[in-house]
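Here is the structure we will look at, set down as structure tokens.
The values are calculated or read from the model by the stated rules, or taken from the named source; none is laboratory data. None of these values were measured; they are calculated from a predicted model. Heads up, the Cβs are rebuilt from the backbone with ideal geometry, glycines too, and the neighbour counts pull from every protein chain shown.
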Amino acid sequence: MSALLGHILNQQARAMHLERILEAAELLDNEGLAPAVMSSPISTARSIACELNAALDSVALPDN
């Protein structure tokens, strides 16, 4: 597997984790459950989004 393909697969996995975290936060919010703990999934989602943004920057892509 090329370095670029490995990098892309890793970012796809991170995006999937981000989707799941946002899905859970949305469910909690829609149901009015645990409003006091909403900052944790939001903070985690933001962190993953920032990591994805940095990893997908053209200067961060591995050479083939």
**Request:** For the range 1-48, name all the residues that are out of contact with any helix residue (DSSP H, G or I) (no Cβ under 7 Å at 6 or more places or on another chain) and assigned to a loop (DSSP other than H, G, I, E, B).
**Result:** 1, 2, 32, 33
**Asked** Quick one: how many residues across the range 7-31 are under 13 Å from the mean Cα position of the chain (by Cα) and among the acidic types (Asp, Glu)?
**Response** 2
**Asked** Quick one: in the range 50-60, which of the residues that are surrounded by fewer than 14 Cβ atoms within 10 Å (Cβ to Cβ) and of a type in the set (A, V, I, L, M) is farthest from residue 29 (Cα to Cα)?
**Response** 59
**Message:** Looking only at the range 1-51, how many residues end up being under 20 Å from residue 62 (Cβ atoms) and small (Gly, Ala, Ser)?
**Reply:** 5
**Message:** Every residue in the range 34-43 that is closer than 12 Å to residue 24 by Cα and not aliphatic (A, V, I, L, M), please.
**Reply:** 40, 41
**Residues of the range 50-64 satisfying the condition of being within 15 Å of residue 8 (Cα to Cα), within 14 Å of the chain's Cα centre (by Cα) and either basic (Lys, Arg) or part of a helix (DSSP H, G or I) (or both)** = 51, 52, 53, 54, 55
**Item:** Every pair of residues 6+ apart whose Cβ atoms lie under 8 Å, when the first sits in the range 53-64 and is polar (S, T, N, Q) while the second is modelled with pLDDT of 90 or more
**Value:** 64/2; 64/3; 64/4
**Prompt:** Can you find a residue in the range 28-42 that is surrounded by 14 or more Cβ atoms within 10 Å (Cβ to Cβ) and in contact (Cβ under 8 Å) with a residue 24 or more places away in the chain?
**Reply:** no
